[in-house]
Amino acid sequence: MSVPDNGNVTLTTSQNGIAAVSFYHPAQNSLPAALLDELTNMITQAGNDAQTRIIILKSEGERTFCAGASFDELLQIKDKQAGAEFFSGFARVINACRKSAKIIIARVQGKSVGGGVGLAAAADYCLATEAASIKLSELAIGIGPFVISPAVVRKIGLHAFSQLTVRASDFQSAQWAMEKGLYNEVYPDITSLDTALEILAQKLASYHPEALTGLKQILWEGTDDWDELLTHRAAISGELVLSEFTQRALRSFLKGGR
């Protein structure tokens with residue numbers, strides 16, 4: 001009998017202090033609770049390592065950076081506490097990125113949906129390919145992007161966030177994401193993306209560590225209340241996911257594909 005692939009998170013650090021936190025899940029790099037906790041731990045571990053100069057946040061595969069929350073796991077939630085705890089997993093990942101003393105570069109090689117957009121927004125700098133379109137589908141399944149919204153709004157502003165949220169069934173292009181501020185640079189393919197990423201990471205790793213830490217603090221000014229804020233937002237999502245509307249929508253999405 002085959003053993004199901006539950007995905008994984010890995011952390012590798014090069015000799016020059018470039019740490020790569022990489023995640024994988026067979027369902028389009030979606031994130032169940034266990035992977036969210038591992039992501040939090042790995043980002044925190046890399047940030048606390050004195051040898052780390054720069055952190056790269058990436059996923060495996062070519063087509064999808066991250067499909068967001070695991071719908072299979074969302075359907076298993078039976079009470080408000082379990083719901084709040086699941087969505088708190090995304091809150092902890094975002095806050096781990098925010099609290100890390102190290103600059104985090106996101107490598108977005110493919111599409112991002114829901115929480116995947118939140119991961120990209122939680123990075124300090126983001127490189128993507130032209131295939132890296134984005135969508136916030138939460139309204140379409142009866143919840144909202146409440147936990148990730150502070151990170152996304154911080155990057156793209158309220159006007160663009162409202163478009164992304166209201167147009168819950170529509171992907172926005174990588175070019176749109178760059179124009180609005182989510183992506184800093186967009187490349188035609190993965191090969192050119194990785195070349196640019198390596199050059200940037202090497203250059204940043206050569207800079208004064210204290211200067212990079214000071215920059216990190218500036219980039220996240222005004223977010224000291226996010227531990228409490230994101231926990232509160234997780235409770236909202238955790239309650240909504242219990243509704244019959246959302247449970248029915250999740251089952252429909254799973255049948256038809258995300």
Tally time: how many residues in region 12-60 are out of contact with any strand residue (DSSP E or B) (no Cβ under 6 Å at 6 or more places or on another chain) and aromatic (Phe, Trp, Tyr)?
-> 0
Given the conditions (1) farther than 26 Å from Thr191 by Cβ; (2) buried (at least 24 other Cβ atoms within 10 Å of the Cβ); (3) modelled with pLDDT of 95 or more, which single one is not true for Gly47?
-> (2)
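What helices (runs of 4 or more DSSP H), lying completely within region 175-258, carry at least 1 residues that are within 23 Å of Ala151 (Cβ to Cβ) and either charged (D, E, K, R) or open to solvent by 80 Å² or more (accessible area, probe 1.4 Å) (or both)? Step through it out loud before you land on a result.
Values: elements: 190-205, 209-219, 226-240, 244-256.
So the answer is 209-219, 226-240.
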Residue among Lys135, Lys99, Lys111 that alone is in contact (Cβ under 8 Å) with a residue 24 or more places away in the chain, more than 17 Å from Trp176 (Cβ to Cβ) and out of contact with any Gly (no Cβ under 6 Å at 6 or more places or on another chain) | Lys99
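Residue-by-condition table, conditions (1) over 19 Å from Ile236 (Cα atoms); (2) hydrophobic (A, V, I, L, M, F, W, C); (3) more than 17 Å from the chain's Cα centre (by Cα):
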position	(1), (2), (3)
Thr44	yes, no, no
Asn48	yes, no, yes
Arg53	yes, no, yes
Lys58	yes, no, no
Phe71	no, yes, no
Gln76	no, no, yes
Ala84	no, yes, yes
Among the residues of region 62-86, the number that are under 21 Å from Lys155 (Cα atoms) and among the aromatic types (Phe, Trp, Tyr) is 1
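The values are calculated or read from the model by the stated rules, or taken from the named source; none is laboratory data. Treat the numbers as computed from the prediction; the structure is a model and nothing was measured. Cβ atoms come from the backbone with ideal geometry, glycine included; neighbour counts cover every protein chain shown. Just so you know, the surface numbers come from the protein's heavy atoms only, side chains and all, with ligands and any DNA or RNA stripped out. Shrake-Rupley method; radii C 1.70, N 1.55, O 1.52, S 1.80 Å.
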